[in-house]
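Working notes for the structure below.
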Amino acid sequence: MTSREKILSDVKTNQPDLTTMPDVDFLLQEDVDVPEKFIAALTAIGGHVIEVKDYAAIKAFIAENFQQPSRKITTISQLGDIAEYIEDDSLAPHSLENVDYTIIGSDLAVAENGAIWITEDKIHTRVLPFISQHLAVTVKRKDIVPTMHYAYNKIASTDYGFATFIAGPSKTADIEQSLVLGAHGARSMTVFLIN
């Protein structure tokens, strides 16, 4: 027997006992109030959550809190009477430089980090959620998932050209721990949580 054969024989005879792999199911139900966890996470990162019944309540909130003359844009047809309604991608991105308030929709939010999944079919123009001074997103309470594992499981089989997670307003900080909101995007983010 050559030394090679001896080594291989020793390795073969000295194998450890087989053990079963642990069940790593990240999609197990957690005992947590998912919408409340989402509200806490988004608030902690500088966002605001307004719980509403319907689009009429959103209209009332915007009319009451954004009375000053400003350019408001929405991609939600139900809000077209309070903001400039964009229904396709025909607007040039440069024409959006003076947008103060943008209202878009989403079909997915993540409780663990307050992130909202934004797809191109909901914004039509990729720059829209980033160029606006203030961003508002509508999401239904039933569309909030507990963790990013659930979120990626949900979006894995969907087809989209452009999509991103947005969590709160734009923020940056330096080594002196000075936090600046709105440095590279929206200065505020409001989520209208529809019951």
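Any residue at all in the range 151-158 that's modelled with pLDDT under 95 and more than 22 Å from Phe38 (Cα to Cα)? Yes, the range 151-158 contains at least one residue that is modelled with pLDDT under 95 and more than 22 Å from Phe38 (Cα to Cα). Within the range 165-195, which residues are outside any loop (DSSP other than H, G, I, E, B) and surrounded by 15 or more Cβ atoms within 10 Å (Cβ to Cβ)? Phe165, Ile166, Lys171, Leu181, Ser188, Met189, Thr190, Val191, Phe192, Leu193, Ile194 - these are the residues of the range 165-195 that are outside any loop (DSSP other than H, G, I, E, B) and surrounded by 15 or more Cβ atoms within 10 Å (Cβ to Cβ).
Listed here are the residues, each with its yes/no results for (1) out of contact with any strand residue (DSSP E or B) (no Cβ under 8 Å at 6 or more places or on another chain); (2) of a type in the set (A, V, I, L, M, F, W, C); (3) without any contact (Cβ under 8 Å) to a residue 24 or more places away in the chain.
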{"residue": "Asp81", "(1), (2), (3)": "yes, no, yes"}
{"residue": "Glu87", "(1), (2), (3)": "yes, no, no"}
{"residue": "Ser90", "(1), (2), (3)": "yes, no, yes"}
{"residue": "Val99", "(1), (2), (3)": "no, yes, no"}
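Taking the criterion of being farther than 23 Å from Ile166 by Cα, modelled with pLDDT under 90 and out of contact with any Lys or Arg (no Cβ under 8 Å at 6 or more places or on another chain), would at least one residue in the range 91-98 satisfy it? Scanning the range 91-98 turns up no residue that is farther than 23 Å from Ile166 by Cα, modelled with pLDDT under 90 and out of contact with any Lys or Arg (no Cβ under 8 Å at 6 or more places or on another chain).
Scanning the range 145-164 for residues that are surrounded by 18 or more Cβ atoms within 10 Å (Cβ to Cβ) and part of a strand (DSSP E or B) returns a single hit, Val145.
Taking the condition of being under 22 Å from Ile76 (Cα atoms) and within 12 Å of the chain's Cα centre (by Cα), how many residues in the range 138-154 meet it?
Summing the residues that are under 22 Å from Ile76 (Cα atoms) and within 12 Å of the chain's Cα centre (by Cα) in the range 138-154 gives 4.
Counted as qualifying within the range 8-105 are the strands (runs of 3 or more DSSP E) with 1 or more residues that are among the acidic types (Asp, Glu), namely 48-52. The set of residues from the range 34-68 being over 19 Å from Asp143 (Cβ atoms) and among the basic types (Lys, Arg) comprises just one member, Lys59.
The condition (being within 11 Å of the chain's Cα centre (by Cα) and either within 23 Å of Ile76 (Cα to Cα) or modelled with pLDDT under 90 (or both)) is satisfied by just one residue among Gly185, Gly161, Gly114: Gly114.
The values are calculated or read from the model by the stated rules, or taken from the named source; none is laboratory data. None of these values were measured; they are calculated from a predicted model. Glycine also receives a Cβ, built like all others from the backbone with ideal geometry; neighbour counts cover every protein chain displayed.
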